[in-house]
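Take this structure, written in structure tokens, and hold onto it; I'll ask about it next.
The values are calculated or read from the model by the stated rules, or taken from the named source; none is laboratory data. In this text the structure is predicted, and so the values were computed from the model without any measurement. Cβ placement follows ideal geometry from the backbone for every residue including glycine, while neighbour counts extend to all protein chains displayed. Only protein heavy atoms, including side chains, enter the accessible area calculation; ligands, DNA and RNA are left aside. Shrake-Rupley method; radii C 1.70, N 1.55, O 1.52, S 1.80 Å.
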Amino acid sequence: MMATLGTMLATAAGAELKPDDASGLSVPVRAADVAHSVDWTFNFILGVSVFFFVLIVGLTIFFVIRYRHRPGYEAKGGASHSTALELTWTLIPSVLVIVMFYSGFKGYLEMNMPQANSYEISVTGQKWSWEFQYPNGYVDKDLHLPVDQNVQLVLKSKDVIHSLFIPAFRLKKDVVPGRYNKVWFKADKPGVYTIYCAEYCGTAHSDMLANVVVHEPGGFESWLKEASDFLSTLPPAEAGERVYQMRGCTQCHSVTGAAGIGPTLYQSFGREEELDDGTMIVVDENYIRESIIAPRAKSVKGYDRNAMPTYQGTISDEEIDYLIAYIKSLDGQEQESGEEQGQ
Ligand code: CUA
């Protein structure tokens, strides 16, 4: 039930998503086909380990007590060779490790071999956010998926090594600069689940979170259509706010005045800033545009000029226009929602 509600909320424009994969001490819910074989392998290895732990520790304790040194007892001879016993303790473990290898390798192949009719989504990791691009060119900060459909993720990084980790899918794949990694799976349970970065990538590594939204049948197509159209249907400042959220700006630039990895956007338009070379600049349309396309050209004093990735070639002029409208709207004046925004 929670899954259905979460998916509905996720469909609403810009809604806050609430993942429903919280599971306390047990393993996370299973929401993809590959998760079943991973869990089977894990449980098999766990079961074998527990069985032999109890057997070996139990026998050790038993023998220590049973054959302890006592006055009046003399050790009689040594243990002699037993072919039957040695074959038993060689063959049984061999069969067990072969089963482990077989199920592990089968699951590995499932994730790493192309599946028929896969829906392709391109994933970009950067410090410190994820971008998911759909076949129509639309980019979102969350991963939206159709249920019961083979999916292929093509992963790349703009800077350092990240790792896409979706516990509910039992899926983890390195995201490496300079190469494309691929992974295949089929989500089979609608709901909202959490994506983590599982490779330490700097200051905000642990904030590099996103959601996976697995839609009910038919829900994905209508979500994609609605989401892709937001630029033309929302007022400029509201569309800009969506771009701000989708493009990962939120990770470094607050809109409340709070300090972050980059300068706050609150009341930033028209503000005079000192750059790290000592010159002054007024934050206007051209400075905002340049800072998105070539962020290292003019960096505000006190901030790491290498922290921000360039958006050249990945962001449209239209999106930049809306971002500027949004930044202008953050002037500290009370806003009537939906009206008079973006001047
Ligand atoms: Cu990206 Cu850790």
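Using the crude model of +1 on Lys and Arg Cβ and -1 on Asp and Glu Cβ, and no other charge, please compute the dipole size for the chain relative to its Cα centre, in debye to 20.
Approximately 2520 debye in magnitude.
Under unit Cβ charges (Lys, Arg +1; Asp, Glu -1), what dipole magnitude, rounded to 20 debye, does segment 128-231 have relative to its Cα centre? Don't skip to the answer; put the middle values down first.
Details: 11 positive and 13 negative charges, 92 e Å.
In debye, rounded to 20, segment 128-231 gives about 440.
Could you work out the helix-only [θ] at 222 nm for the chain, with each DSSP H run of four or more residues adding -39,500 (n - 2.57) and the total divided by the number of residues, to the nearest 500 deg cm²/dmol? Walk me through the intermediate numbers first.
Details: 8 runs with 121 residues, N = 343.
Per the formula, -11500 deg cm²/dmol.
Using alpha carbons only, how many degrees (0 to 90, rounded to 10) separate the axis of helix 317-329 from the longest principal axis of the chain?
That works out to roughly 80 degrees.
Something else: Which one of GLU273, GLU86, GLU238 has the biggest mean-square fluctuation once the chain is modelled by GNM with Cα springs under 10 Å?
Largest GNM mean-square fluctuation: GLU86.
At q = 0.16 Å⁻¹, what log₁₀ I(q)/I(0) does segment 157-304 have when each alpha carbon counts as one equal point scatterer in the Debye sum?
Taking Cα atoms of segment 157-304 as identical point scatterers yields -1.13.
Give the separation of the Cα centroids, segment 253-307 to segment 58-123, in Å.
60
For segment 69-224, restrict the atom set to alpha-carbon positions and state the Rg and Dmax in Å.
Looking at segment 69-224, its Cα Rg and Dmax stand at 24.3, 87 Å.
Then there is this: When DSSP assigns beta bridges and you keep just the ones with both residues in the chain, what percent turn out antiparallel, to the nearest 5? Spell out each step's value before the answer.
Numbers: 30 of 42 bridges.
Expressed as a percentage, antiparallel bridges in the chain total about 70.
Distance cut-off 23 Å, Cα to Cα: go down the list LYS158/LYS186; LYS298/LYS328; LYS156/LYS301; LYS156/LYS298; LYS141/LYS186 and report the pairs above it.
Correct reply: LYS158/LYS186; LYS156/LYS301; LYS156/LYS298.
One-quarter of the Cα convex hull surface for the chain, in nm²?
The orientation-averaged projected area of the Cα hull of the chain comes to 26.9 nm².
Hey, can you find the accessible area per residue of the chain for me, probe 1.4 Å, expressed in square angstrom?
56
To the nearest whole percent, what portion of all C-alpha pairs in segment 108-193 is separated by more than 14 angstrom?
Numbers: 2320 of 3655 pairs.
It works out to 63 percent of all Cα pairs.
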